[in-house]
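These notes are about the structure you will find just below.
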Amino acid sequence: MRTVLIVGNWKMNKIASEAVAFVHELKERLPTLSATVELVVAPPFTALESVRMALGTSSPIQLGAQNMFWEESGAYTGEVSAPMLKDLGCRYVILGHSERRTLFGEQSDSIQKKIRAALKHELRPILCVGESLAQRDKGSTDDVLMQQLHESLSGFTGEAIAGVTIAYEPIWAIGTGKSATTEQAVAAHRTIRRVLASTTSPAITDCMRILYGGSVTPENIESLLASDQIDGALIGGACLQVESFATIARVVSAARSIGV
Ligand code: PGA
């Protein structure tokens, strides 16, 4: 069975001192983690170093970033590179989040370059894909997912694609309190796995994790993860409070056998 991955995307929240206080409390509440669950926090760039220090060397909680640029260094004012994130102890990087696509005009070609750069520097990319409400209402969810996956991953070898985690995040579910139903999420995850299998192989996609994101809470996480199609969650709002993030980690650990 694939290890569950729970990622807290803090977005543009928490100054460094708040981030440190959060991590200390989280560590207290989760002194150990089940071997069946990987837990990641993705603070803003400005808090990465403080969170790394607060986590310490022995914490099972891992560090992720929310974005990066594809070049390694140079005259790119305001950007942050994969080697810089690696140097700060990041293991994961979220790429192609719908907020980046809609608010900052990110397109699949740049997302593709970022994924390539992340893999080159041994960062694990979490590629976000998902449809808008209008696209779902038109019945084009599968086409949108297919297009986003093809555009973001075209030209990659099967081995490279195996290093990517996909997050299915329907845009209409993000920050709205209206999560996809487990059935809707499972259907989308099946489509994603089928599309990936057609460009790689079923053996490769069987090992890949597909997360669900969009209004995940301590209340709905269990039913979402009841399906073995859903390998974890990318969490926004509910990861900002220690209590709810720790509860999610506990619920997931209990649901996927070994307790926290
Ligand atoms: P949400 O955000 O949990 O607040 O809906 C999820 C995300 O944007 O990744």
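The values are calculated or read from the model by the stated rules, or taken from the named source; none is laboratory data. Given the structure is predicted, the values throughout are model-derived calculations rather than measurements. Cβ atoms come from the backbone with ideal geometry, glycine included; neighbour counts cover every protein chain shown.
Some observations on this one:
- Single unsatisfied condition, residue 191 versus (1) β-branched (Val, Ile, Thr); (2) more than 16 Å from the ligand (Cβ to nearest atom); (3) surrounded by fewer than 15 Cβ atoms within 10 Å (Cβ to Cβ): (3)
- Wholly enclosed helices (runs of 4 or more DSSP H) of region 198-260 bearing at least 1 residues at pLDDT below 95, surrounded by fewer than 18 Cβ atoms within 10 Å (Cβ to Cβ) and not β-branched (Val, Ile, Thr): 202-207, 242-255
- Restricting attention to region 11-50 and to residues that are at pLDDT 95 or above and touching a strand residue (DSSP E or B) at 6+ places or on another chain (Cβ under 6 Å), the residue that is nearest to residue 229 (Cα to Cα) turns out to be 38.
- Residue 100 being without any contact (Cβ under 8 Å) to a residue 40 or more places away in the chain and within 22 Å of residue 11 (Cα to Cα): yes
- Those residues of region 1-47 which are within 22 Å of residue 174 (Cβ to Cβ) and of a type in the set (S, T, N, Q), in sequence order: 9, 13
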